[in-house]
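The values are calculated or read from the model by the stated rules, or taken from the named source; none is laboratory data. Keep in mind it's a predicted model, so treat the numbers as computed, not measured. Note: ideal-geometry Cβ built from the backbone for every residue, glycine included; neighbour counts use all protein chains shown.
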Amino acid sequence: MRFRSVYAIVCFIAGLTLGCRQAPEFRHTAGSAWGTTYHITYRADADLSDTIAAVIGRIDASLSPFRDNSLISRINRGDSSARAASRFAGGFAI
C-alpha cells in the first residue's frame, strides 16, 4: 500500500512539473526567393528567421533560374568557370 501512495505522489508531482511547461510558441518568417515569396510558420523557442533566410539564400544562389548569377544559370550558359558544389553535383549524377 505504501508503494502505491509513493508512486501516486511521484506521478502527481511529475505531472505538475511537466504539465506546467509551456510549449514553444509559433513563429513566422517571410521573404523572397525563386522570383516569388515564401511564408513559413514554425514552432521553436528561438527565432530562426536568419537561419531560414540563409539556407534559402544559399539554395537560391545555386539553383534559381531567375538570377543571372546563380550557379544553374551560369552552367546553362556554358560558363566554364562555374563549379558545382557537392550538394548540387548530386543532381547531375542521376
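Being of a type in the set (Val, Ile, Thr) and not in a helix (DSSP H, G or I) is the filter here; which residues of the range 26-57 pass it? First the steps, then the outcome.
Quick first cut of the range 26-57, residues of a type in the set (Val, Ile, Thr) only: 29, 36-37, 40-41, 51-52, 55-56.
Selection gives 29, 36, 37, 40, 41.
Output the qualifying pairs, or none if there are none: Cβ atoms under 8 angstrom, residues six or more apart or on different chains, first residue in the range 31-48 and in contact (Cβ under 8 Å) with a residue 24 or more places away in the chain and of a type in the set (Gly, Ala, Ser), second residue surrounded by fewer than 13 Cβ atoms within 10 Å (Cβ to Cβ) and in a strand (DSSP E or B).
31/37
Select from the range 33-53 the residues that are surrounded by 11 or more Cβ atoms within 10 Å (Cβ to Cβ) and farther than 25 Å from residue 22 by Cα and write down the one among them that is modelled with the lowest pLDDT.
In this case the residue turns out to be 34.
State all residues of the range 35-58 that are touching a helix residue (DSSP H, G or I) at 6+ places or on another chain (Cβ under 9 Å) and of a type in the set (A, V, I, L, M); if no residue qualifies, say none.
The one that is touching a helix residue (DSSP H, G or I) at 6+ places or on another chain (Cβ under 9 Å) and of a type in the set (A, V, I, L, M): 40.
Can you report the number of residues in the range 54-64 which are surrounded by fewer than 15 Cβ atoms within 10 Å (Cβ to Cβ) and either acidic (Asp, Glu) or touching a residue at least 60 places away in the same chain (Cβ under 8 Å) (or both)?
Residues flagged as surrounded by fewer than 15 Cβ atoms within 10 Å (Cβ to Cβ) and either acidic (Asp, Glu) or touching a residue at least 60 places away in the same chain (Cβ under 8 Å) (or both) within the range 54-64 amount to 0.
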